[in-house]
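The values are calculated or read from the model by the stated rules, or taken from the named source; none is laboratory data. Everything numeric here is computed off the predicted structure, so don't read it as measured data. Cβ coordinates were reconstructed from backbone atoms using ideal geometry, including for glycine residues, and neighbour counts include every protein chain displayed. Side chains are part of the model used for accessible areas, which takes the heavy atoms of the whole protein and leaves out ligands, DNA and RNA. Shrake-Rupley method; radii C 1.70, N 1.55, O 1.52, S 1.80 Å.
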Amino acid sequence: MLSSCTDISIRGQGQKKFGADANYFIGLKLLESGNENEAAQKFKSCIKKGSYYCAMKSARNLCLIGSVQDKNAACLKLAKDYPEEENLLIAARQLYSAEEISKVIELTEKCDTEECSNELIKIRLEAMRKRGDSRYLEAVFDWFTKRQISPFHKDFFYEYLYIEPELEKSEEDIINASDIDDLFSDDFAKENSDSAPADSEIAGIQKENRPEDGLSQAQIDALNLRMLIYRRNYTLGLELSKALLSYFKEGSLSALPQLCSDIGKAYLYGSQEFLSNAEYFKSLANGSGSSESAFYFWFYAGRFYEKAPHYKSSAKSCFLNAAKAARTDSQKDNALWYYLDISLKDSVPQIIPAIEKCCRQWSNPYYFDDFFDSFAPVLLASGNFDAFGSLYKRMDGYASDEVVAQYAYIYARLIEEKLVSASKEEEKLALVRAMKSGASFYYSFLAACRLGYDHLHIEKIISENHARKNPAHCDKEKSLAAEKLLTGYATFGFPQMIFPEYNALYKKGISADTAFYLCDFLQRCGSENNSYYVQSIRLAVKACDYADRELTPSDLKYLFPQGFEEYINEAADTYRMKPEILYGLIRTESFFNTQAVSHAGAVGLTQLMPGTAADIARRLKKPDFNLEDAQTNINFGSYYFSDLVRRCEGDYLSAVFSYNAGITRVRKWLKSSLIGFNKKADMPKDLFLETVPFKETRDYGRKVFSAAIMYDVLYNNSSDISVLFF
């Protein structure tokens, strides 16, 4: 074992173990010391005799060494010998910077405008423009109209196509940010409607500034629309959308999917005439027949009806028509999701048949997990407890394992609480099904504990649920080559290379043994640099999901490590809490990242807001503090959490919820849940979680308690979680 992250000689044991591949790692060391000539020789040796990934990495490094001519030659050879897109991009960057324009065009000739990286296409287009390639404008139009707009599109647009004057913002130009929920995804993937635009700057386009001869007015307007919608200027976008629809009608412009999508967004966010827009888009859909544009017109007709009062049935009909007109699985799933989401406003007896109808049509069951998580509180609030039993059975094999496990567990608990009339055998069957919860620990834990399983049985269940087989089509030789590259980074002392490289290669078939070796190495490096400790946990998450064997307790300990053990045990003793709950809290809040800062400004391991920390500092009489200091952060966060436990009368779950959402909200939720379950006190904690109206808080509670239970199982050999939960 290494004594540190970097303590190894470039000669000796490493060379014997890695053979020709050692030349790559030695070359990196030489390059670090500024010895380019010797490094180049080592890279060339590795290219001749090394395994695939070490040889390819050596070829990439040669592109950085020597004269411009040397770099150009190395890039051309890299692209020829290893024609992967990333290598083409490396070569294209170098050749373009060296003004080798013809070679750039030749190199990128087979690049698919719709599939290749946007940066690579941008470089190709710039080269075509410089050479005056006759295909340039057609390629530009294809790039801008056949895929999602990116920052690369934006830069190209403003540099080469249009002069854009800045316009003053006006109230009529600014769209309500709270109404933006599906702006950027190709399949209209739903997003949180509370999201605010990242860039609300409003700008106009002068149409008289034509970019270059060869584009028609219709094409110019199409490019303008794409950029206006990217900038979220829906007022101007709405005017151009009307022009584009007239071009579609007269046949001077094809109704391309991305253009139809942008037109829908312009009408949705640029106009408040929801009912008239709905009728208009419905007429467009009816006139589109079986064309690709039909999906978008039906979909947005549904969105408009959804926003118009009293037209819910019309919206649902449009979403179903959109699902029928969909050309891709993601389009169909998106339309079905909106159909189900609007169905939440129906009575429960109407929703259940809709679910049964949709679940047999969708392609990706995980796409609907958030719908079912939102539906569970609706069922509980309405008292439709029996529905959990029928739904988990009928959805098994259609919904995700996590959803089926959730509904099965809730059903079992409702039976136990005598809120559902069913046999003990039914309760047991539901708990057994709940244990098969896929990669989610939460319901597996609770169901196993309800069934009385010990910690060894629980470990086995988690291992079986979490492990995934490596893809059967993996190239064994390349898998081994990828493992040599990754383990070489550890052996030769390059910890900074491991995590990003693993992220690029883990689907190639990295074995669990290799992955957890890397976790161990990074975890030990964490004593020198906390970021490596965090990377170790994140690598372990993927290693568990892609394991080629059952997981062991040792494997799982990399997923749930005892970071800052001394400080956590000290805080647990001081504030009389189980350390497992503190580990669960810290892992959930920060993944043991001492430098973590949330969007809201929460800092450090326990993610404390500076104002809260200042108040704690006054109480603890510690005026000088640093929230990035691990001991201080753990002490302050533990004090704050223990105070919430006290105020919640010893209820850990309510304290966890309060840590996330505030104690006043939690008290209101608990009161509401007690009424819903006809209870005066002693609300079952696990059922209370399912009634919480905020998805973020429900998820947070599951994560903290799953982690806390896992720490108890792994480090205490315990399966008695009653202190934490029941």
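The table for this structure:
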| read-out | value |
| --- | --- |
| Identity of the residue in the stretch 333-373, farther than 20 Å from residue 303 by Cα and hydroxyl-bearing (Ser, Thr, Tyr), that ends up modelled with the lowest pLDDT | 347 |
| Complete set of residues in the stretch 97-141 that are among the polar types (S, T, N, Q) and either open to solvent by less than 30 Å² (accessible area, probe 1.4 Å) or within 16 Å of residue 156 (Cβ to Cβ) (or both) | 108, 113, 117, 118 |
| Hits in the stretch 691-712 (condition: touching a Gly at 6+ places or on another chain (Cβ under 6 Å) and not small (Gly, Ala, Ser)) | 704 |
| Candidate set: the stretch 281-321, residues that are within 28 Å of the chain's Cα centre (by Cα) and surrounded by fewer than 23 Cβ atoms within 10 Å (Cβ to Cβ); chosen: the one farthest from residue 263 (Cα to Cα) | 320 |
| Selection within the stretch 338-351 - part of a helix (DSSP H, G or I) and open to solvent by less than 30 Å² (accessible area, probe 1.4 Å) | 338, 339, 340, 342, 343, 348, 351 |
| Conditions (1) in contact (Cβ under 8 Å) with a residue 60 or more places away in the chain; (2) more than 28 Å from residue 15 (Cβ to Cβ); (3) assigned to a helix (DSSP H, G or I): number failed by residue 477 | (2) |
| Residue check, residue 53 aromatic (Phe, Trp, Tyr), modelled with pLDDT of 95 or more and crowded, with 21+ Cβ neighbours inside 10 Å | yes |
| Cross-chain or 6+ apart pairs with Cβ under 9 Å, the stretch 698-712 first and within 13 Å of residue 652 (Cβ to Cβ) and open to solvent by 20 Å² or more (accessible area, probe 1.4 Å), then at pLDDT below 90 and assigned to a helix (DSSP H, G or I) | none |
| Flag if residue 399 is in contact with a helix residue (DSSP H, G or I) (Cβ under 9 Å, 6 or more places away or on another chain), open to solvent by less than 40 Å² (accessible area, probe 1.4 Å) and either assigned to a helix (DSSP H, G or I) or β-branched (Val, Ile, Thr) (or both) | no |
| Helices (runs of 4 or more DSSP H) wholly inside the stretch 99-165 containing at least 2 residues that are closer than 20 Å to residue 72 by Cβ | 101-107, 118-131 |
| Subset tally (residues that are at pLDDT 80 or above, crowded, with 21+ Cβ neighbours inside 10 Å and hydrophobic (A, V, I, L, M, F, W, C)) for the stretch 455-480 | 1 |
| Among residues of the stretch 580-628, those that are under 20 Å from residue 532 (Cα atoms), touching a residue at least 12 places away in the same chain (Cβ under 8 Å) and open to solvent by 20 Å² or more (accessible area, probe 1.4 Å), counted | 9 |
| Condition broken by residue 222, with the remaining ones in (1) buried (at least 24 other Cβ atoms within 10 Å of the Cβ); (2) within 30 Å of the chain's Cα centre (by Cα) satisfied | (2) |
| Given (1) of a type outside the set (Ser, Thr, Tyr); (2) under 21 Å from residue 652 (Cβ atoms); (3) touching a helix residue (DSSP H, G or I) at 6+ places or on another chain (Cβ under 6 Å), number of the condition residue 573 does not satisfy | (3) |
| Test: residue 444 is within 26 Å of residue 588 (Cβ to Cβ), touching a Pro at 6+ places or on another chain (Cβ under 8 Å) and among the hydroxyl-bearing types (Ser, Thr, Tyr) | no |
| Search result, residues across the stretch 675-697 that are without any contact (Cβ under 8 Å) to a residue 40 or more places away in the chain and part of a loop (DSSP other than H, G, I, E, B) | 678, 679, 680, 681, 682, 683, 694 |
| Unique residue being free of Cβ contacts under 8 Å to residues at least 12 places away in the same chain and among the small types (Gly, Ala, Ser) when the list is 51, 67, 58, 102 | 67 |
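One line per residue, one yes/no per condition, for (1) within 19 Å of residue 232 (Cα to Cα); (2) free of Cβ contacts under 8 Å to residues at least 60 places away in the same chain:
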position: 259; (1), (2): yes, no
position: 263; (1), (2): yes, yes
position: 279; (1), (2): no, yes
position: 282; (1), (2): no, yes
position: 288; (1), (2): no, yes
position: 295; (1), (2): no, yes
position: 301; (1), (2): no, yes
